[in-house]
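Notes follow once the structure below has been shown.
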Ligand code: ADP
Ligand code: MG
């Protein structure tokens, strides 16, 4: 069944991803109800209705189920039981099964290994014995990552020697973790893929990602990697979506190693920060695609219209008193698009917005992106 404009869509989570979904859905004539406990939720502010309640709040969930034609999520940490309960009453995409695998690194990595996808060598850590045994087997350097609720490099510690190990696990509060081998990365790439309820898949152009302090900093499209890597990434992302029987938009992060070798890092069951370039550079952006997949519409064209560089804007570039960066450095460029997420408070490491630079010459726009970012960071006014 197709849900057409005029229908009502539910969104679990009201951060920037929910906000950009809300903009896409409302642009197309849908109503959007956002569930998020934060009263100043970036998506809630633009939604038709904002339910300010927890993801397990029975009254809010009943209201959503009763009012919405279909429900999606922007946030992998929505309890899988919430999705299961809603799915009994209403269309929910992606389904609880896919989300429950991707919200837990132990399940996610085990799923990837069992399905034959290449991952870094890893082990499940639940006791200190597990950790010593895994370090013997995997070797050093290794990265210990909490199994649940890690993001933007949070909940991870690199282990350089055996003595680090106990402290590392202590610092992660001895939660269930995975230990994985720290790989020599040539670069990182990601792929956003959409899969429709009938199994049709639409794949976006491969993105090259540069991280800083574990947080995505810059995304470059087209990615400067071989055609072979691009082909492998596309094939793996599409196969992962099939194996998860995924319906909706998801992203796969990959590590690129020497010798054209590709390793899957993680899966996000939602649109992805590295896919924000699609807003300005593709026929259909990843949020419209999320609306289309959710509503059972044909998937939109993923074609790239122009080379593009996306730069994240973190709270770090706001001044102590909350004064914003000198936007004129950016707005003076006719080929730069600014996106701000409406977050009230700029905190260190918090994603406040991004900008995209468009142009025919990739090396030129990379350099413009870097200059503008540096100018905003240094707060130099011309
Ligand atoms: P998050 O959920 O915080 O995005 P990731 O597992 O993607 O967690 O790790 C964040 C970043 O840390 C990666 O994009 C990569 O730059 C680096 N990283 C993570 N795991 C490894 C690894 N096994 N080897 C080398 N670098 C890694
Ligand atoms: Mg990641």
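Annotations
- Label-point separation in nm, residue 243 to residue 2, each point 7 Å along Cα→Cβ: 3.4 nm
- Least to most buried among 82, 284, 158 (fewest other Cβ within 10 Å first): 158, 284, 82
- The range 8-92 - percent relative contact order, Cα under 8 Å, separation 6 or more: 33 percent
- Cα-based shape type of the range 121-181, given that a ≥ b ≥ c are square roots of the gyration tensor eigenvalues and the cut on a/c is 1.5: rounded
- Mean separation of Cα contacts under 8 Å, 6 or more apart, over the residue count of the range 86-213: relative contact order %: 22 percent
- In terms of other Cβ atoms within 10 Å, 341, 151 run from fewest to most in the order 151, 341.
- Sites residue 67 and residue 27, calculated FRET efficiency, Cβ-Cβ separation with R0 35 Å, nearest 0.05: 0.95
- Residue-span extension gain [residue 378 to residue 90] - 0.36 nm each, minus C-alpha spacing: 98.7 nm
- Among 73, 278, 48, the largest mean-square fluctuation in a Gaussian network model of the chain (Cα springs under 10 Å) belongs to 48.
- Take the Cβ atoms of residue 335 and residue 186, set R0 to 35 Å, and the FRET efficiency comes out at 0.75.
- Only Cα pairs under 8 Å and 6+ residues apart enter the sum, and on that basis the relative contact order of the range 121-181 stands at 50 percent.
- Virtual spin-label span in nm between residue 48 and residue 114, 7 Å along Cα→Cβ: 3.9 nm
- Overall form of the range 187-381 per C-alpha gyration tensor (a/c, 1.5; a/b vs b/c): prolate
- Here residue 151 and residue 129 are evaluated by their C-beta separation; at R0 = 22 Å the FRET efficiency comes out at 0.20.
- Above 40 Å, the calculated P(r) of the chain contains 13 percent of its Cα-Cα pairs.
- Rounded, prolate or oblate (a/c below 1.5 giving rounded, otherwise prolate when a/b exceeds b/c) for the range 43-125 by Cα gyration tensor: prolate
Taken together, the values in this text are just the output of simple stated rules run on the coordinates, not laboratory data. Every value quoted in this text rests on a predicted model; they were computed, and no experiment measured them. With ideal geometry, Cβ positions are generated from the backbone for all residues, glycine too; neighbour counts draw on all protein chains shown.
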